[in-house]
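Quick notes on the structure that follows.
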């Protein structure tokens, strides 16, 4: 799907996930069916997910953590996919620089770093090292509630 200015405009309006297609159409001078069709196509192609996001810091006993992963292999894309299905993982990015992968992980009172490392990370082979960055204060860090 070609991402044009109209599509970007629709996506921007969807930041408020409760805004109706009719209201978006009015504000962008489009037909409501155009908005509905574009959103359906964006969703079908995996470009757009409409989801409720939470500020994890606002939920008692929850903590977002960022983890840098260094691998023993150059197969970063497949390893990223393996990490993406582990419990608590919000997102995985294959990156350049000091780490091969950057994870955003959500922990809660009965599922923390120890459980993640001993029960989940051990499932992934060829992990050389991990470095954990505890988020002291996040700005605009909203995540899907996955625990």
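Nothing in this text is a laboratory measurement; each read-out follows from the coordinates by a stated rule. Predicted model, so just to flag it, every value in this text is computed and none were measured. We place every Cβ from the backbone using ideal geometry, glycine too, and count neighbours over all the protein chains shown.
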**Request:** Please give the length that would be gained between residue 49 and residue 98 if that part of the chain were fully extended, namely 0.36 nm times their separation in residues minus their C-alpha to C-alpha distance (nm, one decimal).
**Result:** 14.6 nm
**Fill in**
Among segment 120-147, those whose backbone N falls under 19 Å of a label point 7 Å along Cα→Cβ from residue 87 are 120-125, 144-147
**Complete:** Per-residue Cβ contact counts at 10 Å, fewest first, order 91, 20 as 20, 91
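Nearest 500 deg cm²/dmol is fine: what mean residue ellipticity at 222 nm does the chain get from its DSSP H runs of n ≥ 4 alone, each adding -39,500 (n - 2.57), divided by its residue count?
Working: 4 runs with 39 residues, N = 147.
Estimated from H runs of four or more residues: -7500 deg cm²/dmol.
Over segment 5-44, what is the mean sequence separation of C-alpha contacts under 8 Å (at least six apart), divided by residue count, expressed as relative contact order in percent?
On the way: 20 pairs, mean separation 14.1, N = 40.
About 35 percent, as a whole number.
If I take every Cα pair under 8 Å that is 6 or more residues apart in the chain, average their sequence separation and divide by the length, what percent do I get for the relative contact order?
On the way: 192 pairs, mean separation 38.7, N = 147.
Once normalised by length, the contact order is 26 percent.
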**Request:** Give me the angle, in degrees from 0 to 90, between the Cα long axis of helix 32-44 and the longest principal axis of the Cα atoms of the chain, rounded to the nearest 10.
**Result:** 20 degrees
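Assuming a ≥ b ≥ c are the square roots of the Cα gyration tensor eigenvalues, decide whether the chain counts as rounded (a/c under 1.5), prolate (otherwise, with a/b larger than b/c) or oblate. Show your work: numbers first, answer last.
Working: a/c = 2.87, a/b = 1.82, b/c = 1.57.
Prolate.
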**Item:** For segment 5-44: rounded, prolate or oblate by the Cα gyration tensor [a/c cutoff 1.5]
**Value:** rounded
**Using a Förster distance of 41 Å, the FRET efficiency for residue 137-residue 77 (Cβ separation, nearest 0.05)** = 0.80
